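Peer 1: The structure that follows is given in the form of structure tokens.
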Amino acid sequence: MDDILLKVEGLKKYFPITGGIFGKKKGDVKAVDDVDFYVRKGETLGLVGESGCGKSTTGRMLMRLIEPTEGQVIFEGKDLGKLNANEMRKMRKDMQMVFQDPFASLNPRHTVEKILEEPLIVHGIGTAKERKQRVKEMLEVVGLSSYHAKRYPHQFSGGQRQRIGIARALMTKPKLIIADEPVSALDVSIQSQVLNLLEDLQKEFQLTYLFIAHDLGVVRHISDRVGVMYLGRLVEITTAEKLYEKPLHPYTQALLAAVPIPDPSLKKARELLTGDLPSPSDPPKGCAFHTRCKECMEVCRTTRPELRELEPGHFAACHLYG
Ligand code: SF4
């Protein structure tokens, strides 16, 4: 498939657990454990799971904000792990992140103009006049006004701050945006405005999105395909249509049952997710979901199911399907 912008192969991030007075290594937290996926040009891949499932660590590894323990991240045919610091810095012009907490990610002492100009300065793009012009343009593109350039982050609402975060990510005309829970900190009434904005921007600028969220409801309309992660691994990945119509993995089914729907009579008879997420430092043997799964069988306690293509384009890791 030559329309693939980003490909991830065997991606792992293990954080060592140390202890005792000599700080000896006692084990690893397998935050991300052998994850493969791809994102086509112009598409949105949603990456969903509870907090601690490894989705944000995955997003940060794509940008090499966290170095992978193992595995490859191929962006536009280039293996990012082989780039030196300078080459990686240049590459980040084409891959940008939008963060969950817009306030924490915007320097409170800088005006919006300075915040938005910074990526252009870092990448040596444009003259001072051109940069200021682009700041004004981008503010308007994200639904703010050029006079906002002289204000400071605390003078904006949460939704407006996220618009500033999005404008900053777009300043260098990136190809890929990794959006890490971009609407989770916002009021529900504002969430759909920001999601609509992201959709409009995608069309206007032919953007590709990796959209990370803990809620399947949030990514439903924006995603072309969705991957579901549990304890560091992908447990299901397919088109958004198939995932919401006919989820195969019991964990996806439980996550979907938790999505609020306007008419309760439409709610399918599914069991809600119960029990706590096990510790990633000591994940259950066999299928990591077996301690919470209503369908758990004997084999699930001992043997880990591999992610397999169960229907064309529909992959899941579950022993229920033989
Ligand atoms: Fe449940 Fe077993 Fe499938 Fe895991 S492999 S999700 S425990 S049925």
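Condition check ((1) more than 22 Å from R40 (Cβ to Cβ); (2) of a type in the set (G, A, S); (3) crowded, with 24+ Cβ neighbours inside 10 Å; (4) in the same structural domain as G42 (by TED's automatic domain parsing)) across all residues:
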position	(1), (2), (3), (4)
A167	yes, yes, yes, no
S184	yes, yes, no, yes
S189	yes, yes, no, yes
L195	no, no, no, yes
Q202	no, no, no, yes
L210	no, no, yes, yes
V226	no, no, yes, yes
L234	no, no, yes, yes
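Peer 1: Right, another one. Just give me the residues in the stretch 121-157 being in a helix (DSSP H, G or I) and open to solvent by less than 30 Å² (accessible area, probe 1.4 Å), in sequence order.
Peer 2: V135, M138, L139, H148, A149, P153
Peer 1: Looking only at residues that are buried (at least 17 other Cβ atoms within 10 Å of the Cβ) and farther than 26 Å from E241 by Cα in the stretch 269-283, which one is farthest from the ligand (Cβ to nearest atom)?
Peer 2: P280
Peer 1: Considering only residues that are crowded, with 24+ Cβ neighbours inside 10 Å and either within 14 Å of the ligand (Cβ to nearest atom) or within 15 Å of the chain's Cα centre (by Cα) (or both), which ones fall in the stretch 236-254?
Peer 2: Hits for the stretch 236-254 are E236, I237, H249, P250, Y251, T252.
Peer 1: For the stretch 78-116, name all the residues that are assigned to a helix (DSSP H, G or I), closer than 16 Å to G165 by Cα and touching a Lys or Arg at 6+ places or on another chain (Cβ under 8 Å). Before the answer, list the steps.
Peer 2: Step one: filter the stretch 78-116 for residues assigned to a helix (DSSP H, G or I), giving 80-82, 85-91, 102-105, 112-116.
Filter again for closer than 16 Å to G165 by Cα, leaving 102-105, 112-116.
Correct list: P102, F103, V112, E113, I115, L116.
Peer 1: Oh, and also: Can you work out which of the residues in the stretch 292-322 that are more than 10 Å from the ligand (Cβ to nearest atom) and open to solvent by 90 Å² or more (accessible area, probe 1.4 Å) is farthest from the chain's Cα centre (by Cα)? Reasoning before the result, please.
Peer 2: Of the stretch 292-322, the ones more than 10 Å from the ligand (Cβ to nearest atom) are 302, 306-315, 322.
This time we only want the ones that are open to solvent by 90 Å² or more (accessible area, probe 1.4 Å), so: 302, 306, 308-309, 312.
Working: T302: 30, E306: 22, R308: 22, E309: 23, P312: 24 Å.
Only one residue tops the list, namely T302.
Peer 1: Turning to a different aspect of this structure: Which one of the conditions (1) in contact with a Gly (Cβ under 6 Å, 6 or more places away or on another chain); (2) at pLDDT below 95 does V183 fail to meet, given that it meets all the rest?
Peer 2: Failing condition for V183: (1).
The values are calculated or read from the model by the stated rules, or taken from the named source; none is laboratory data. Remember, it's a predicted structure, so these values are computed and weren't measured experimentally. Heads up, the Cβs are rebuilt from the backbone with ideal geometry, glycines too, and the neighbour counts pull from every protein chain shown. Ligands, DNA and RNA are excluded from the accessible area calculation, which covers all protein heavy atoms including side chains. Shrake-Rupley method; radii C 1.70, N 1.55, O 1.52, S 1.80 Å.
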